[in-house]
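Here's the structure we're looking at; comments come further down.
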Amino acid sequence: MAVAKSTKHPRGKPRLDPRAWIDAGLDVLAREGAAGVRVEPLAKRLGVTKGSFYWHFADRDALLAACLAAWAEGRIVAIRTQTDATPARIALPALVDLYMRAPNPKGLAVELAIRAMARGHSGAARAVEAVDGERLARVAALFEELGHADARARALLFYAFLFGQSLLGGKNLTEARRAAATLVTG
């Protein structure tokens, strides 16, 4: 989580920057879903008044839009970083290793909350579409680099595997996961 920047308000109370509100919104989104992202509880959690919120955002919808934009931008930067200037034969196994070895429970919780939100919220649907489009395009390009004519289909299976396996519990699936990872990246 980014460090919240605050400045002193003339009355001595802290005034947070927008990023602090976005980070807090994403934390709540991960734990409680979109319904949990409410101004008063966030202000209380951050130790400030609602006025600090309204200094940066017109309303709750504006905060949710900022959270969605921050999430989408972060995911797009991440996939670009993970795939740029790395040969496909190295990048694909590295992505599998990243998701299997070092899962990010909060990141997954935010992703699932935004995907659930996308079923009825056009802004969330656009954010998910942008992230999925970038992920699939980048991974398809890696499969194309390896000479696969069915690169787009392989990219879809690759991400279905990565996210699906992260939802499966149990350590007894470790060998099956490794074998599946080899099939998906091959």
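The table for this structure:
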| read-out | value |
| --- | --- |
| Verdict on Arg75 being in contact (Cβ under 8 Å) with a residue 12 or more places away in the chain and crowded, with 17+ Cβ neighbours inside 10 Å | yes |
| Qualifying residue in the range 139-159 (condition: closer than 30 Å to Gly25 by Cα, in contact (Cβ under 8 Å) with a residue 24 or more places away in the chain, open to solvent by 40 Å² or more (accessible area, probe 1.4 Å) and under 18 Å from the mean Cα position of the chain (by Cα)) | no |
| All positions within the range 92-114 that are at pLDDT below 95, in a helix (DSSP H, G or I) and of a type in the set (A, V, I, L, M, F, W, C) | Leu92, Ala94, Leu95, Val96, Leu98, Met100, Leu108, Ala109, Leu112 |
| Failed item, numbered, when Ala43 is tested on (1) under 22 Å from the mean Cα position of the chain (by Cα); (2) part of a helix (DSSP H, G or I) | (1) |
| Test result for Gly169, more than 24 Å from Ala24 (Cα to Cα), modelled with pLDDT under 95 and not polar (S, T, N, Q) | yes |
| Filtered residues of the range 84-101 (kept if among the aliphatic types (A, V, I, L, M) and open to solvent by 50 Å² or more (accessible area, probe 1.4 Å)) | Ala85, Ile90, Ala94, Leu98, Met100 |
| Matching option when the condition is touching a residue at least 60 places away in the same chain (Cβ under 8 Å) and either touching a Lys or Arg at 6+ places or on another chain (Cβ under 7 Å) or under 30 Å from Leu29 (Cβ atoms) (or both), among Val128, Val96 | Val96 |
| Residue that is nearest to the chain's Cα centre (by Cα), among those in the range 30-40 that are in a helix (DSSP H, G or I) and crowded, with 18+ Cβ neighbours inside 10 Å | Ala30 |
| Test: residue in the range 47-69 that is among the small types (Gly, Ala, Ser), open to solvent by less than 40 Å² (accessible area, probe 1.4 Å), at pLDDT 95 or above and touching a Leu at 6+ places or on another chain (Cβ under 8 Å) | no |
| Identity of the residue in the range 5-29, surrounded by 16 or more Cβ atoms within 10 Å (Cβ to Cβ) and at pLDDT below 60, that ends up farthest from Leu68 (Cα to Cα) | Pro14 |
| Condition check for Asp27: more than 21 Å from Gly107 (Cα to Cα) and under 22 Å from the mean Cα position of the chain (by Cα) | no |
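The values are calculated or read from the model by the stated rules, or taken from the named source; none is laboratory data. Because the structure is predicted, anything quoted here is derived from the model rather than measured. Positions of Cβ are backbone-derived with ideal geometry, glycine not excepted, and every protein chain shown enters the neighbour counts. Surface areas here come from the heavy atoms of the whole protein model, side chains and all, with no ligands, DNA or RNA. Shrake-Rupley method; radii C 1.70, N 1.55, O 1.52, S 1.80 Å.
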